[in-house]
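Peer 1: This structure is in structure tokens; I'll ask about it shortly.
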Amino acid sequence: MSEEYKAQQGGGDAADMMGLGGEGLAQKAKDPKAAIRKLLAYLAPHKVAISIAMISAVLSTAFAVIGPRLLGRVTTALVDGLLAHIFGTGLLTNFSYMLTIITWLIVLYIISAACNFAQEILMARVSMKVTYKLRAEISEKMHRLPINYYDTHAQGEVLSRVTNDVDTISQTLNQNLTQLISAVTTLVGVLVMMLTISPLMTGAAILVIPPSMLIMMVVLKKSYVYFGTQQEALGAVSGVVEETYSGHNIVCSYNGEEDALEKFRKHDKTLRAASWKAQFMTNIVEPIFTFVGNLGYVLVCVLGGWLVVQRAITIGDVQAFVQYIQTFTQPLGELGAASNMMQGTIAAAERVFEFLDEEEEIPETEKSAFVVDSTGAPIIPQGRVSFQNVRFGYDPEKIIINDFSAEIEPGQTVAIVGPTGAGKTTVVKLLMRFYELNGGKILIDGIDATDFTRNELRSIFGMVLQDTWIYNATIMDNIRYGSPDATDEEVIAAAKAAYCHKFIKSLPGGYQMMLNEEASNISAGQKQLFTIARVILKNPAILILDEATSSIDTRTEILIQKTMRELMKGRTSFVIAHRLSTIRNADIILVMKDGDIIEKGSHDELIAEQGFYADLYNSQFTEGVVEEEEAQAAS
């Protein structure tokens, strides 16, 4: 992040950037209906598989519901046979009849299990395909978002949407969706079966539904807010953990462990409170439904006993009805729990779709601006760069580059100098089109930079920044990054030119040594040498060097400067340096202050003018002499 941007936006931890923190975290979802519509759109291509899964769930439940009624007939046959034997009025039991019913029960339960297995497999496939598509779209979206988005959002918060939120959606599609279908089917099926046994007893059982529905409505209203808060808090915690882990060495160096722990505890406390409330609301539903159901169970048992005495129904019917009343309350609890989980899913989906709906970079031009030769191959740009009245601000209301104009001829070395916050690095970012201009133009060989595709434009440049970037791969792959077709020999040649071949050979595994994500298993200077070798390998038309040798020792820097001078021959080069002694040979020095060019010329010309640049240069020179004298005196 540039100094200019930090100056405008101010500090803040991961959670603060998202408007999170402490008690102010809880917030209601913005548009749950829109999130549901978008999620249904992702499910639409799988409607055949989902329909089959739902039919399978219905059949599985329906076959299972018939079981208690058949078992009731077995019970009735046993009781009738026993009574007949006691009173001497008939055979003990009709075993042939019972065997037939039991056989049908086994068949029905096998079919029910097969249907259940089929719906589980189908929904698992649909769930994985939908979540795969969501993660793929999020990954693609990340590459289309403007740099400004990453400047204003914590990495952990973005990561939470890719992992936690998508996992929540996956779990619901895989489990809760069919659970809802099964619960509804069970409820309807059991109600039908109970009506066939006794409408009077069914009416008594239905008395438990109104209080159950009232409880569900209250719980759902509360739980949605808590689940949304939980997902937001989880993103905040992820951001704090990522931030602390990536800067662990700095945290330890400044004894900031306790502050880091306090920050984590603060957000973890918010997550714990939100998660407790969300899970409490989820888990309280089923026990309450069970309690209400048990009241209905007692009522049905008393009423059933009276009906048996009145010979209105058989004892087997009572046994079946008791099983049904137990089954009847179970789907009510499942509906409540599944509905609660759906609230968490909607909150997660809303966060995912909110990310996917973020404003993207200005769309690419469809027509290539590259000039081609007779064979159709792009002609390498000459490197003429023109800044014409460029205006820019990270916040459009706070312009920091006011009226930047400069003409750079092909092959010239341009040094950009100035105090911190003057706009030096920002100019380079605008050149690479990391940000869009608020006014003016940047031309490459007379062609507006916006007429190139971003890939075309950035292929012209090679960058070596003060902040190095190394990824989890071998040293060979890290140097080859940006030039994937380069051979091993070319990579080694570039490493030799960057004076890192010798120490690479001394490392375990040499060029095949794996670097971790933070590249903490090599020094800062070695990382910078790798990035220099990377740009040497790319062999770009225009070079951008932003404090490229800031982490390298003096002796190696002299060697690198020599290599850089060879590399810069015939190429337009932009050099940003705070040590002014390193850019004395630049063709043009642009002196920036407060976003404007206040002086322009060669080193000798600017020194002769005795202006701002001369003051900067002399102050560095004087500081160097004083430091040297103090060192000598101390020795």
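The values are calculated or read from the model by the stated rules, or taken from the named source; none is laboratory data. Everything numeric in this text was worked out from a predicted model, so none of it was measured. Here the Cβ is made from the backbone with ideal geometry for all residues, glycine too, and neighbour counts use every protein chain on show. Accessible surface areas use protein heavy atoms only, side chains included; no ligands, DNA or RNA. Shrake-Rupley method; radii C 1.70, N 1.55, O 1.52, S 1.80 Å.
Peer 1: May I ask you to give the percent of accessible area on the stretch 399-468 that is carbon plus sulfur, with a probe radius of 1.4 Å? Show your work: numbers first, answer last.
Peer 2: Working: 1100 of 2430 Å².
The C+S portion of the solvent-accessible surface of the stretch 399-468 is 45 percent.
Peer 1: Moving to a separate point now. How much accessible area per residue does the stretch 455-534 have, counting only protein heavy atoms and a probe of 1.4 Å, in square angstrom?
Peer 2: On the way: 3860 Å² over 80 residues.
With the other protein chains kept in place, the stretch 455-534 gives 48 Å² per residue.
Peer 1: Per-residue HN-Hα couplings for the stretch 348-359, Karplus 6.51 cos²θ - 1.76 cosθ + 1.60 at θ = phi - 60°, whole Hz, x for Gly and Pro?
Peer 2: After applying 6.51 cos²θ - 1.76 cosθ + 1.60, I find 5, 5, 4, 5, 5, 6, 4, 5, 5, 8, 4, 5 Hz.
Peer 1: Can I ask one more? What is the diffusion coefficient of the stretch 467-512 in µm²/s, taking the Kirkwood radius over Cα pairs and the Stokes-Einstein relation at 20 °C with a viscosity of 1.002 mPa s? Please list the in-between numbers first.
Peer 2: Values: Rh = 10.9 Å.
Reported coefficient: 196 µm²/s.
Peer 1: Can you list residues whose amide H is under 5 Å from residue 413's amide H, if they're 5+ apart or on another chain and H is modeled 1.01 Å from N?
Peer 2: The list, which skips near neighbours in sequence, is 573, 587, 588.
Peer 1: Taking 0.36 nm per residue of separation and subtracting the Cα-Cα distance, what length does fully extending residue 150 through residue 257 add?
Peer 2: The residue 150-residue 257 span can extend by a further 36.0 nm.
Peer 1: Write out the chymotrypsin sites (Phe, Trp or Tyr not before Pro) in the stretch 98-203 meeting two conditions: DSSP loop, and at most 14 other Cβ atoms within 10 Å of their Cβ. Walk me through the intermediate numbers first.
Peer 2: Values: sites: 104, 109, 117, 132, 149, 150; in loops: none.
Filter output for the stretch 98-203: empty list.
Peer 1: Of the GluC sites (Glu not before Pro) in the stretch 396-448, which ones lie in a loop per DSSP and count no more than 15 other C-beta atoms within 10 Å? Intermediate values should be presented prior to the final figure.
Peer 2: Working: sites: 397, 407, 436; in loops: 397, 436.
The qualifying sites are 397, 436.
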